[in-house]
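First the structure, in the form of structure tokens, and then the observations on it.
The values are calculated or read from the model by the stated rules, or taken from the named source; none is laboratory data. These figures come from a predicted structure and were not determined experimentally. Because the Cβ atoms are built from the backbone with ideal geometry, glycine has one as well, and the counts that use them run over all protein chains shown.
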Amino acid sequence: MAEFGFVTLSFDQVFWGESAGAPRNAMAPDFYSESFSAATDYLTTLDYVDNDNIAVLGICASGSFALNEAKVDSRFQAIATVSLTDMGAVARGQRDMMGTHVMMEQSSIERTLENSGKEVEYTSGTPEKIDENSDAFSKEFYDFYRTQRGAAATTTQPTLTSFVKLLNFYSLNDLDTISPRPLLFIAGENAISLGFSEDAYKAANEPKELYKVPNAGHVDLYDKTDLIPFDKLNDFFSKYLK
């Protein structure tokens, strides 16, 4: 987007990567959502930024955090997501598979143990190893986060005690309140996460658009520049940022 001429700010989420915050690898959807407003706060201090023409692009889980914050921060004049993933729904799906109270009990017990000095326990995230029996989700994310494609210092695994915070996160609720600000949902036609973009599109009011990228999966739109529809994003932001 910078190459198209936009002033562009990219950041690691609080508690992760090069951003500050403790405990590390904490899952905190409210803080993650707030990060987009904090980034906007910073942009408004720059003389060369037009405060009335600020947009947001959220990728994967950050798409859900960006949408969540857009419901309460009207400074976002246009909002786009790529490979949107509703992390609240993901967590609730895991809870239901484990049994209604299992995840909560594990987290609660772990908090007590860690408060008494136990080493921090991590959960979920991308597996460190896969084999022929691994599910499609694990294989796809392993191919990105556990190879040089997306290798980073972080393990993508949040703390066990904080993961339950996602159970109370409903990013796709009240999306209609974002209107009349425009929304663009981009997802691969073969993405395991496509349903999230489709659900968000249905929940939102006009102006809105759902664009499915041919022959693309979920993580393909992280880094495969021949598949990422940069022109589509450029057209969208150019249209709605006057």
Please go through the stretch 97-107 and pick out each residue that is farther than 19 Å from ASN25 by Cβ and either surrounded by 11 or more Cβ atoms within 10 Å (Cβ to Cβ) or of a type in the set (S, T, N, Q) (or both). MET98, THR100, VAL102, MET104, GLU105
Please go through the stretch 27-52 and pick out each residue that is closer than 16 Å to ASP73 by Cα, in contact (Cβ under 8 Å) with a residue 24 or more places away in the chain and of a type in the set (Gly, Ala, Ser). SER33, SER35, SER37, ALA39
Pick from PHE76, PHE15, PHE65, PHE36: which is hydrophobic (A, V, I, L, M, F, W, C), crowded, with 17+ Cβ neighbours inside 10 Å and at positive phi? PHE15
Select from the stretch 193-242 the residues that are among the polar types (S, T, N, Q) and at negative phi and list them in ascending order. SER193, SER197, ASN205, THR225, ASN234, SER238
Might you let me know whether the stretch 97-119 holds any residue that is closer than 30 Å to ARG181 by Cβ and part of a loop (DSSP other than H, G, I, E, B)? no
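Determine whether ASP50 is out of contact with any Phe, Trp or Tyr (no Cβ under 6 Å at 6 or more places or on another chain) and either surrounded by 12 or more Cβ atoms within 10 Å (Cβ to Cβ) or closer than 30 Å to LYS242 by Cα (or both).
So ASP50 fits the description; yes.
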Which members of the stretch 122-164 meet the condition of being exposed (fewer than 15 other Cβ atoms within 10 Å of the Cβ), assigned to a loop (DSSP other than H, G, I, E, B) and not β-branched (Val, Ile, Thr)? GLU128, LYS129, ASP131, GLU132, ASN133, SER134, ASP135, GLN148, ARG149, ALA151, ALA152, ALA153
Some residue of the stretch 198-209 being touching a residue at least 40 places away in the same chain (Cβ under 8 Å) and either in a helix (DSSP H, G or I) or over 23 Å from ARG92 (Cβ atoms) (or both): yes
Every listed condition ((1) free of Cβ contacts under 8 Å to residues at least 60 places away in the same chain; (2) closer than 21 Å to TRP16 by Cβ; (3) surrounded by fewer than 18 Cβ atoms within 10 Å (Cβ to Cβ); (4) among the charged types (D, E, K, R)) holds for GLU110 save (3)
Would you mind finding the one in ALA66, ALA38, ALA55 that is of a type in the set (A, V, I, L, M, F, W, C), under 16 Å from LEU175 (Cα atoms) and modelled with pLDDT of 95 or more? ALA66
Being surrounded by 16 or more Cβ atoms within 10 Å (Cβ to Cβ) and at pLDDT below 95 narrows it down to one of ILE178, ILE186, ILE192, so name that one. ILE192
Test for SER83: is it in contact with a His (Cβ under 6 Å, 6 or more places away or on another chain) and under 20 Å from ILE228 (Cα atoms): yes
